[in-house]
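**Q** Submitted below is the structure of interest, expressed as structure tokens.
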Amino acid sequence: MPERLISADSHVRITADSVRERLSANVAAQYDDALKALAAEEDELRGGQAFGLGNFDLEGARDPGYWEPNARLTAMDRDGVEAEVLYSELSAFRQFHLIPDDWKEVARAFNDCMSDFAGVNPRRLVCSYQLPIIDIDYAVTEVARLAALEARSVHLPNYPTELGFPDYYDARYDPLWAALSETGITISQHLGNKASMWDVFRRDPTPQKGIFTSLPAMMLCENLAFWIMPGVLERFPKLKIAFVEPGITWFVYYLKQLDRMARAGSHYSFPELKELPSTYFKRQMYLTFIGGVGIDLRHEVGVENVMWSTDFPHPATTWPHSREAVDNAFGEVPEVERELMLSGNAARVYGL
């Protein structure tokens, strides 16, 4: 029997048009205004320079599996992948707060697009839904609705302060963390573009902005620290958080750094912590990686906390040669550990 592969990070193209067609006429107009405002803001941040997947010649981005669910299953079969956790290319939560009156309708329409995609085969297509954090009571009700749809993952903005909201240790979010803890739905923090990084983008002279695109993964150290150090995971021991696409290597250094700062006798004080930061990480957090870089450091972060991914169809993807890539990268890894990283951990985290 072929080795089981589950990608804990792949991508699907949900379009603004597919969201718009589910909206009433009045809300559709507000949605279009929000899209225009967001596009203008992003164009200014980029200094007028165009950037996207169109900058790359990607076979996967041309494959209909990128946007059509039945074709996606065919693309996965071609790659030997049993199931995928899917992230939308459309960052809907960057639009919600720009819609003055009816953002709830837009939020639901977006998640319904994701649900319809997954509905073709929920066992193999696991969507990470996007939660608005404008109104926490609404977010809690949406968690309940998504749980009824057998959701396994919700995607939250990495940097809520960029959208005008408090950081996630603020007590306003406690009902949401309680709801997610109760349902067992995992929070995803997928690497993304931090606002302050756009200065690097504008200065990056390389054709595909390689300097800029090498950095967002390391920006997730901020997310890691804000979840642990102010005591969110101490207060919510059943909350699960997955860092998506950061790789393994920098986590090793950063966890060691946080542990050093939190140990008795340090000059730093973290009154909300009862354990070392690495203890919370190994109990409640996970990370995904592509290829094989950093596998030799797997024990430093915990073999049971590491999940393999294809990153379809982005430039780093191993699709459609993932089995060959896995054999090349995991040749020296013991079978039990190999199984955990390639499928077992993702199956446990996402209930597959």
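The values are calculated or read from the model by the stated rules, or taken from the named source; none is laboratory data. Treat the numbers as computed from the prediction; the structure is a model and nothing was measured. Positions of Cβ are backbone-derived with ideal geometry, glycine not excepted, and every protein chain shown enters the neighbour counts.
**Q** If a residue must be under 20 Å from Ser10 (Cβ atoms) and in contact with a helix residue (DSSP H, G or I) (Cβ under 6 Å, 6 or more places away or on another chain), how many such residues does segment 86-120 contain?
**A** Number satisfying all stated conditions: 5.
**Q** Can I ask one more? I'd like to verify a number: residues in segment 244-302 that are among the hydroxyl-bearing types (Ser, Thr, Tyr) and over 26 Å from Asn193 (Cβ atoms), how many?
**A** 6
**Q** Check Asp296, Asp259 and return the single one that is in contact with a Pro (Cβ under 8 Å, 6 or more places away or on another chain), over 23 Å from Tyr87 (Cβ atoms) and either free of Cβ contacts under 8 Å to residues at least 24 places away in the same chain or among the small types (Gly, Ala, Ser) (or both).
**A** Asp259 is the lone residue from the list that is in contact with a Pro (Cβ under 8 Å, 6 or more places away or on another chain), over 23 Å from Tyr87 (Cβ atoms) and either free of Cβ contacts under 8 Å to residues at least 24 places away in the same chain or among the small types (Gly, Ala, Ser) (or both).
**Q** Being in contact with a strand residue (DSSP E or B) (Cβ under 8 Å, 6 or more places away or on another chain) and of a type in the set (S, T, N, Q) is true for just one of Ser269, Ser188. Which residue is that?
**A** Exactly one residue qualifies, and that residue is Ser188.
**Q** Right, something else. The conditions are (1) outside any loop (DSSP other than H, G, I, E, B); (2) under 23 Å from Gln95 (Cβ atoms), and Ala217 fails exactly one of them. Which is it?
**A** Going through the list (1) outside any loop (DSSP other than H, G, I, E, B); (2) under 23 Å from Gln95 (Cβ atoms), Ala217 breaks only (2).
**Q** May I pose another question? Take the residues of segment 74-92 that are under 18 Å from the mean Cα position of the chain (by Cα) and crowded, with 21+ Cβ neighbours inside 10 Å: which is nearest to Gln189 (Cα to Cα)?
**A** Only one residue tops the list, namely Tyr87.
**Q** While we're looking at this one, here's another question. Working only within segment 114-130, note down all residues that are crowded, with 23+ Cβ neighbours inside 10 Å and either in contact with a Lys or Arg (Cβ under 8 Å, 6 or more places away or on another chain) or of a type in the set (S, T, N, Q) (or both).
**A** Val126, Ser128, Gln130
**Q** Moving on. Can you name every residue in segment 1-50 that is touching a Phe, Trp or Tyr at 6+ places or on another chain (Cβ under 9 Å), in a loop (DSSP other than H, G, I, E, B) and of a type in the set (S, T, N, Q)?
**A** Across segment 1-50, the qualifying residues are Thr15, Gln49.
**Q** Any residue at all in segment 301-313 that's of a type in the set (A, V, I, L, M) and over 30 Å from Gly60 (Cβ atoms)?
**A** no
**Q** Being modelled with pLDDT under 95 and either of a type in the set (D, E, K, R) or part of a helix (DSSP H, G or I) (or both): is that true of Asp57 here?
**A** yes
**Q** Collect the residues in segment 70-82 that are under 22 Å from Trp308 (Cβ atoms), of a type outside the set (Val, Ile, Thr) and in contact (Cβ under 8 Å) with a residue 40 or more places away in the chain, keeping them in residue-number order.
**A** Within segment 70-82, Arg72, Leu73, Ala75, Met76, Arg78, Asp79, Gly80, Glu82 qualify.
**Q** Let me ask something else about it. Specify which of the listed residues (Glu89, Glu21) is of a type in the set (Asp, Glu) and without any contact (Cβ under 8 Å) to a residue 40 or more places away in the chain.
**A** Glu21
**Q** Also, I was wondering about something else. Residues Arg152, Arg172: which one is of a type in the set (Lys, Arg), farther than 20 Å from Tyr87 by Cβ and at pLDDT 95 or above?
**A** Arg172
**Q** Taking the condition in a helix (DSSP H, G or I), of a type in the set (D, E, K, R), more than 30 Å from Ala39 (Cβ to Cβ) and free of Cβ contacts under 8 Å to residues at least 12 places away in the same chain, does Asp174 pass?
**A** no
**Q** Please indicate, with yes or no, whether at least one residue in segment 182-199 is modelled with pLDDT of 95 or more, assigned to a helix (DSSP H, G or I) and either surrounded by 16 or more Cβ atoms within 10 Å (Cβ to Cβ) or not small (Gly, Ala, Ser) (or both).
**A** Scanning segment 182-199 turns up at least one residue that is modelled with pLDDT of 95 or more, assigned to a helix (DSSP H, G or I) and either surrounded by 16 or more Cβ atoms within 10 Å (Cβ to Cβ) or not small (Gly, Ala, Ser) (or both).
**Q** Mind listing just one residue for me: the one in segment 93-104 that is crowded, with 19+ Cβ neighbours inside 10 Å and either at pLDDT 95 or above or of a type in the set (S, T, N, Q) (or both) and, of those, farthest from Ala144 (Cα to Cα)?
**A** Per the criteria, the residue is Gln95.
Yes/no per residue for (1) within 18 Å of Val244 (Cβ to Cβ); (2) modelled with pLDDT under 95:
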residue: Phe281; (1), (2): yes, no
residue: Gly291; (1), (2): yes, yes
residue: His299; (1), (2): no, no
residue: Asp311; (1), (2): yes, no
residue: Ala316; (1), (2): yes, yes
residue: Val333; (1), (2): no, no
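**Q** Same structure again: Any residue at all in segment 114-127 that's in contact (Cβ under 8 Å) with a residue 60 or more places away in the chain, in contact with a Gly (Cβ under 8 Å, 6 or more places away or on another chain), closer than 30 Å to Ala325 by Cα and not in a helix (DSSP H, G or I)?
**A** Among the residues of segment 114-127, not one is in contact (Cβ under 8 Å) with a residue 60 or more places away in the chain, in contact with a Gly (Cβ under 8 Å, 6 or more places away or on another chain), closer than 30 Å to Ala325 by Cα and not in a helix (DSSP H, G or I), which makes the answer no.
**Q** Shifting gears a bit: Identify, please: which residue in segment 140-177 is out of contact with any helix residue (DSSP H, G or I) (no Cβ under 8 Å at 6 or more places or on another chain) and under 18 Å from Phe236 (Cα atoms) and is, among those, surrounded by the fewest Cβ atoms within 10 Å (Cβ to Cβ)?
**A** Ala171
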